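Notes for the one structure printed next.
The values are calculated or read from the model by the stated rules, or taken from the named source; none is laboratory data. Computed from a prediction, not measured in an experiment: that's the story for all the values here. In this analysis, Cβ positions are derived from the backbone assuming ideal geometry, glycine residues included, and neighbour counts consider all displayed protein chains.
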Amino acid sequence: MIAHHRRVALISATCALLLSAAASAQTVTIGQATPPTSLDPHFHNHAQNNANSAHVFEALFGRSARMQLEPGLALSARPLDATTWEVKLRPDVLFHDGTPFTADDVAFSLQRSANVPNSPGSFNTFTRQVASVQVVDPLTLRIVTKATAPLLLDDLSNIYIVSRRHGEGAATDDYNSGKAMIGTGPYRFASWRPGGEVAYTRNERHWGPRQAWERAVFRIIPNNAARVAALLAGDVDMIADIPTTDVERLKADQRFTVFTVASNRLVFLAFDRTDDALTTGHIRAADGGRPARNPLGDVRVRRALSMAIDRRAIVERINQGEAVLAPQFLPEGFFGHLAGIQPQPHDPEAARRLLAEAGYPGGFRLTLSTSNDRIINSGRMVQAIAQMWSRIGVQTEVELMPHAVFTPRRTRLELPVFLSSWGNSTGEALYTLVPQLGTRSRETGLGSANRIRYSNPDLDRLLIAAGRELDREKRLGLIEQATRIALAEEIMPPLLFQVNNWGARRGIHYEARVDQYTLVMGASRR
């Protein structure tokens, strides 16, 4: 009898282990550095948020891993005249609650995305050209633009479609709680523990290919060493943002595979040149007092700070070569990249002369801010830059903080000198120039991510004209003029383009993405 009970217990334990293994095989757990700031797909135009939203929600048009536009909830779009586009929607698409997806949901989403209260990064930059949306029938809509809008389809690829039924009257908190997290995407929302993890379950009624994983968990592990350790220990199946110091180590380990692609994510510096920036206390005279005027208001000072930076050392030593020098705002191969532009030369002697010419032979003081869990090696980079600036007489302190703290402080214009990054989600230079350096305005849709109070009417005119120019060569000419103005201003000096690295245990393949998005849809069993 005792032996019988032991056999039953052994069989039960074995079954439990098999069931646990089966469940584990259906779940993929991914470690990443940066948490989303919100689950509302229209609250904050931010790469981490957008990547999370892509599991639950879909846009009219999607982007391949190499940034090619492809059909999403829309099957086609065609211009009817200079300012009217007709969009045909995919039939038989259901929201997660079983209700049909229709043109009315698109009309609602386009209106909502531009008007979410307290947005730290508005999606208005993508809808700024839309004058009206007309629902023709459940699967047809017409979008009327304020002027010719050759990039409308690219813009629409950045607007996730939500259900009017669940989104009308819903606030951002309703998405964060999960109440309004009803999309058409390949995964359904399961849970979110802010700062901890986000979980999804497979949408069995999705219109597209069946997903490889029944359950997906994104675990937030900001510390680089801890994230790598979690992969080595088998606590996670895959990690994003491999520290550059561990890339070769993981490549050499037969238990893992590293997936790499050069990105269009620009790492840059930003300078607020206005005297309003002096109220932050982050810009001070050499003696520590408040200066009579902002030294960053002089382009010679900004150029001196840029020339003091040894960009090659930052790429080769701090990033172990896992980055590419950035002489301009887009890498080679993207629309708006200009041939012949070289990186700012490293010339500290010339930088000192410029400071003296500008009236600062004794320098001044700065605080350089950045987040410590978003940009690869951000802490080491700002420390190096601070030393380079101090060598030319600009005594520099460094301020590091979590991205969840950095973002609202930057939005409140409390950080007049900062290191940040920008992923270009359309592959067009306008998507960097318009939100980052256009004069901030809801009416024009420019400057939605402008956190340095920059305003240049000449640049604005070029950006607006380029956004309306149908002829690609003429548009490229306008973009070239705008790019040269922005570079000459030294208001947003480019440093480097990141190289994106993911690591996964053997048996998992990941389609590395230029936009740095980590998507469960790109992870498959091999």
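If you scan the stretch 469-479, which residues turn out to be over 15 Å from TYR431 (Cβ atoms) and either part of a helix (DSSP H, G or I) or in the same structural domain as ALA149 (by TED's automatic domain parsing) (or both)?
ARG472, GLU473, LYS474, GLY477
Filter the stretch 436-459 for residues that are assigned to a helix (DSSP H, G or I) and within 23 Å of the chain's Cα centre (by Cα); which is nearest to LEU110 (Cα to Cα)?
Ranking the candidates gives GLN436 first.
Can you pull out every residue in the stretch 370-396 that is on the phi < 0 side of the Ramachandran plot, in contact with a helix residue (DSSP H, G or I) (Cβ under 7 Å, 6 or more places away or on another chain), outside any helix (DSSP H, G or I) and of a type outside the set (A, V, I, L, M)?
Matches in the stretch 370-396: THR370, SER371, ASN372, ASP373, ARG374, THR396.
For the condition in a loop (DSSP other than H, G, I, E, B), in contact with a Leu (Cβ under 9 Å, 6 or more places away or on another chain) and modelled with pLDDT of 95 or more, what is the one hit in ILE309, ILE314? Talk me through it step by step, then tell me what you get.
On the way: ILE314 fails: in a loop (DSSP other than H, G, I, E, B).
After ruling out the rest, the residue left standing is ILE309.
Go through the stretch 27-49 residue by residue and tally those that are out of contact with any His (no Cβ under 9 Å at 6 or more places or on another chain) and closer than 21 Å to THR201 by Cα.
Counting residues in the stretch 27-49 that are out of contact with any His (no Cβ under 9 Å at 6 or more places or on another chain) and closer than 21 Å to THR201 by Cα gives 10.
Consider THR367 carefully, then state whether it is touching a residue at least 24 places away in the same chain (Cβ under 8 Å) and crowded, with 17+ Cβ neighbours inside 10 Å.
yes
Report those strands (runs of 3 or more DSSP E) wholly inside the stretch 29-81 carrying at least 3 residues which are at negative phi and touching a residue at least 12 places away in the same chain (Cβ under 8 Å).
Per the criteria, 61-63, 74-81.
Looking only at residues that are among the β-branched types (Val, Ile, Thr) and surrounded by fewer than 22 Cβ atoms within 10 Å (Cβ to Cβ) in the stretch 397-424, which one is nearest to ARG284 (Cα to Cα)?
VAL398
Among what's in the stretch 99-113 and is among the small types (Gly, Ala, Ser) and free of Cβ contacts under 8 Å to residues at least 60 places away in the same chain, pick the residue that is surrounded by the most Cβ atoms within 10 Å (Cβ to Cβ).
ALA103
Out of all the residues in the stretch 134-183, which are more than 11 Å from ASP105 (Cα to Cα) and of a type in the set (Val, Ile, Thr)?
Taking the stretch 134-183 first, the residues more than 11 Å from ASP105 (Cα to Cα) are 134, 136-137, 140, 142-159, 169-182.
Within the stretch 134-183, VAL136, THR140, ILE143, VAL144, THR145, THR148, ILE159, THR172, ILE182 qualify.
Scan the stretch 241-267 residue by residue and report those that are of a type outside the set (Val, Ile, Thr) and either in contact with a Cys (Cβ under 7 Å, 6 or more places away or on another chain) or surrounded by fewer than 19 Cβ atoms within 10 Å (Cβ to Cβ) (or both).
Looking only at the stretch 241-267, we keep the residues that are of a type outside the set (Val, Ile, Thr), and these are 241, 243, 246, 248-256, 259, 262-266.
GLU248, ARG249, LYS251, ALA252, ASP253, GLN254, ARG255, ALA262 - these are the residues of the stretch 241-267 that are of a type outside the set (Val, Ile, Thr) and either in contact with a Cys (Cβ under 7 Å, 6 or more places away or on another chain) or surrounded by fewer than 19 Cβ atoms within 10 Å (Cβ to Cβ) (or both).
Step by step: first the residues of the stretch 383-430, then only those that are β-branched (Val, Ile, Thr) and under 30 Å from GLY62 (Cβ atoms), then the one that is farthest from the chain's Cα centre (by Cα). Which residue is that?
THR411
Using the structure shown, decide if GLY467 is touching a residue at least 40 places away in the same chain (Cβ under 8 Å) and in contact with a helix residue (DSSP H, G or I) (Cβ under 9 Å, 6 or more places away or on another chain).
Judged against the criteria, GLY467 is a match.
Name the residue that is farthest from PRO36 (Cα to Cα), counting only residues in the stretch 224-242 that are in a loop (DSSP other than H, G, I, E, B) and modelled with pLDDT of 95 or more.
Looking at residues that are in a loop (DSSP other than H, G, I, E, B) and modelled with pLDDT of 95 or more, I get GLY234.
What's the number of the condition PRO361 fails, among (1) part of a loop (DSSP other than H, G, I, E, B); (2) surrounded by 16 or more Cβ atoms within 10 Å (Cβ to Cβ)?
Here PRO361 meets the rest and fails (2).
Could you list, in sequence order, all residues of the stretch 376-404 that are at pLDDT 95 or above and among the aliphatic types (A, V, I, L, M)?
Passing the criteria: MET381, VAL382, ALA384, ILE385, ALA386, MET388, ILE392, VAL394, VAL398, LEU400, MET401.
Looking at the stretch 243-271 only, could you name the residues that are part of a loop (DSSP other than H, G, I, E, B) and under 20 Å from the mean Cα position of the chain (by Cα)? Let's see the steps before the verdict.
Quick first cut of the stretch 243-271, residues part of a loop (DSSP other than H, G, I, E, B) only: 243, 253-255.
Passing the criteria: only PRO243.
Check whether at least one residue in the stretch 276-286 is touching a helix residue (DSSP H, G or I) at 6+ places or on another chain (Cβ under 6 Å), assigned by TED's automatic domain parsing to the domain that holds THR396 and either closer than 14 Å to PRO493 by Cβ or assigned to a helix (DSSP H, G or I) (or both), and report yes or no.
No: zero hits.
Considering only the stretch 364-383, state which residues are out of contact with any Lys or Arg (no Cβ under 9 Å at 6 or more places or on another chain), of a type outside the set (S, T, N, Q) and over 18 Å from ARG312 (Cβ atoms).
Of everything in the stretch 364-383, those that are out of contact with any Lys or Arg (no Cβ under 9 Å at 6 or more places or on another chain), of a type outside the set (S, T, N, Q) and over 18 Å from ARG312 (Cβ atoms) turn out to be LEU368, ASP373, ARG374, GLY379.
Report every pair of residues separated by at least 6 positions or lying on different chains whose Cβ atoms are under 7 Å apart, first residue within the stretch 286-315 and on the phi > 0 side of the Ramachandran plot, second buried (at least 19 other Cβ atoms within 10 Å of the Cβ) and outside any loop (DSSP other than H, G, I, E, B).
Listed by first residue and then by second, the contacts come to GLY288/ARG365.
For residues that are touching a His at 6+ places or on another chain (Cβ under 9 Å), more than 24 Å from ALA212 (Cβ to Cβ) and of a type outside the set (Gly, Ala, Ser), tally how many sit in the stretch 165-195.
Of the residues in that region, 4 qualify.
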